[in-house]
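The values are calculated or read from the model by the stated rules, or taken from the named source; none is laboratory data. Just so it is clear, the structure is predicted and the values come from calculations on it, not from any experiment. Heads up, the Cβs are rebuilt from the backbone with ideal geometry, glycines too, and the neighbour counts pull from every protein chain shown.
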Amino acid sequence: MTFNPDRYSTMPYRRCGKSGIKLPAISLGLWQNFGDIDIKDVFRESLFTAFDHGITHFDLANNYGPSEGSAEQNFGDILQTDFRGYRDELLISTKAGYTMWAGPYGDWGSRKYLMASIHQSLKRMKLDYVDIFYHHRPDPNTALEETMKTLHDIVQQGKALYVGLSNYPPDVAKRAVHILKALGTPCLIHQHKYSMLVRIPEEGLLEMLREKEIGAIAFSPLAQGLLTDKYLSGVPAGSRASREHFLKSTAITAELVMLLTQLNELALQRGQTLAQMAIAWLLKDTGLTSVLVGVRNREQVLSSLKALENLHFTREELNHITAILAAV
Ligand SMILES: NC(=O)c1ccc[n+]([C@@H]2O[C@H](COP(=O)([O-])OP(=O)(O)OC[C@H]3O[C@@H](n4cnc5c(N)ncnc54)[C@H](OP(=O)(O)O)[C@@H]3O)[C@@H](O)[C@H]2O)c1
């Protein structure tokens, strides 16, 4: 398989904290639409289109599917075939921290679970190492020292190059970052839910990451598809809300549609779709290293990439957005 030789010319790459690593401003996550219930040709096309346009970072987790593990398995197959020869141009992350298998050793943050999980992930993806291994969520019942030492050991064993944290509140993240630093494996990046509709990271997390010079990557930047024009007049067939899996159709209230309609009008005035404006809004400041999008098809990849054509917001536009969002 050959890719566009100009694929690195349009994508901006942002340094991840003070590390040597740069991430594409837009990264692609395989949480949904890449499992064994999905159509292989469709997700293959999404992956090719992404890489062909400079998206070098692909984000997985042990439990992505469904079924759990199948996104890693499918991605591993593509690495072996179509992406063969490109491993060193790709930045691949995986995670463990949510329920993966039955019993007391298939969840949370014990050494037992994390060590077994990274072995399984490498096997499914047919890789010697991942670039980033994340602890997926904090474990209130395991000492932070145990979890962080395990992340450090995973790097020492050559199974991951860097480690990251996900869904950690600022105070726990700060302690974890401190432990990792003392062990000699600095935390590369933190991954958190962040969008126009979910602004919790602004309450201390982003500031802490900036201070510690750690990368920040936002997941669900479109609030799972809510920040698009697709729900302005109902729930279209095939959409995430129509599948009632992680996004329930009951989330689409009349108040939300009114708010989305106003945001959509502003996006159109900017010459963007609402999805493009939502991505641009996250990338407008340099504080965020990357925005981690999910896609159902190649067209969504191409459409989201167009967000990069206008990351600038006037003061009036920002004030207008703040006023619209104040209604949430
Ligand atoms: N660390 C964690 O705990 C965690 C949790 C969640 C996600 N993540 C990561 O973040 C990634 C992204 O999450 P997400 O899938 O929720 O992100 P998202 O980008 O907010 O939502 C993706 C959905 O938005 C719609 N969409 C995407 N691009 C579009 C476009 N250009 N125009 C119109 N609609 C568009 C599609 O919905 P339809 O299918 O309805 O068309 C797509 O399935 C995941 O794959 C995963 O890697 C991490």
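Structure values in brief
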quantity	calculated
Flag if Phe246 is at pLDDT below 95 and of a type outside the set (Asp, Glu)	yes
Hey, Leu227 more than 30 Å from Gly20 (Cβ to Cβ), within 8 Å of the ligand (Cβ to nearest atom) and among the hydrophobic types (A, V, I, L, M, F, W, C) or not	yes
Lone qualifier among Gly238, Gly234 - being within 8 Å of the ligand (Cβ to nearest atom), on the phi > 0 side of the Ramachandran plot and part of a loop (DSSP other than H, G, I, E, B)	Gly238
Pair list, Cβ < 6 Å and 6+ apart or interchain, from segment 102-125 residues that are without any contact (Cβ under 8 Å) to a residue 12 or more places away in the chain to residues that are part of a helix (DSSP H, G or I) and among the aromatic types (Phe, Trp, Tyr)	Tyr105/Tyr113
Per-region count, segment 255-277, residues among the small types (Gly, Ala, Ser) and over 16 Å from Pro221 (Cα atoms)	1
Residue in segment 295-305 that is crowded, with 20+ Cβ neighbours inside 10 Å and more than 11 Å from the ligand (Cβ to nearest atom) present	no
Residues satisfying the stated conditions in segment 185-214, i.e. closer than 21 Å to Ser93 by Cβ, touching a residue at least 60 places away in the same chain (Cβ under 8 Å) and not in a helix (DSSP H, G or I)	Pro186, Leu188, Ile189, Gln191, Tyr194, Ser195, Glu213, Ile214
Selection status of Val291, surrounded by 23 or more Cβ atoms within 10 Å (Cβ to Cβ), at pLDDT 95 or above, within 11 Å of the ligand (Cβ to nearest atom) and farther than 16 Å from Ile217 by Cα	no
Selection within segment 201-215 - within 17 Å of the chain's Cα centre (by Cα) and either surrounded by fewer than 23 Cβ atoms within 10 Å (Cβ to Cβ) or at pLDDT below 95 (or both)	Pro201, Leu205, Leu206
Segment 260-288, subset within 10 Å of the ligand (Cβ to nearest atom) and of a type in the set (Gly, Ala, Ser), residue farthest from Gln191 (Cα to Cα)	Ala275
Members of segment 208-224 that are more than 9 Å from the ligand (Cβ to nearest atom) and on the phi > 0 side of the Ramachandran plot	Glu213
Any hit, segment 145-168, residues being over 21 Å from the mean Cα position of the chain (by Cα), within 16 Å of the ligand (Cβ to nearest atom) and in a helix (DSSP H, G or I)	yes
Segment 181-191: number of residues that are in contact with a helix residue (DSSP H, G or I) (Cβ under 7 Å, 6 or more places away or on another chain) and crowded, with 24+ Cβ neighbours inside 10 Å	2
Residue within segment 174-189 that is under 17 Å from the mean Cα position of the chain (by Cα) and farther than 26 Å from Gln156 by Cα present	no
Qualifying residues in segment 69-79 (those that are farther than 19 Å from Leu247 by Cβ and either charged (D, E, K, R) or within 11 Å of the ligand (Cβ to nearest atom) (or both)) - the one farthest from the chain's Cα centre (by Cα)	Asp77
Where Leu151 falls short, out of the listed (1) crowded, with 18+ Cβ neighbours inside 10 Å; (2) out of contact with any Phe, Trp or Tyr (no Cβ under 9 Å at 6 or more places or on another chain); (3) at negative phi	(2)
Residue in segment 192-207 that is within 16 Å of Phe133 (Cα to Cα), among the aliphatic types (A, V, I, L, M) and away from the ligand (no atom under 15 Å from the Cβ) present	no
Strands (runs of 3 or more DSSP E) (entirely within segment 1-64) containing at least 3 residues that are within 16 Å of the ligand (Cβ to nearest atom), within 28 Å of Leu165 (Cα to Cα) and out of contact with any Lys or Arg (no Cβ under 6 Å at 6 or more places or on another chain)	26-29, 57-59
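The rows are residues; the columns are (1) out of contact with any helix residue (DSSP H, G or I) (no Cβ under 6 Å at 6 or more places or on another chain); (2) basic (Lys, Arg).
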{"position": "Ala216", "(1), (2)": "no, no"}
{"position": "Ser220", "(1), (2)": "yes, no"}
{"position": "Gly225", "(1), (2)": "no, no"}
{"position": "Ser233", "(1), (2)": "yes, no"}
{"position": "Arg240", "(1), (2)": "no, yes"}
{"position": "His245", "(1), (2)": "yes, no"}
{"position": "Ser249", "(1), (2)": "no, no"}
{"position": "Leu260", "(1), (2)": "yes, no"}
{"position": "Asn264", "(1), (2)": "no, no"}
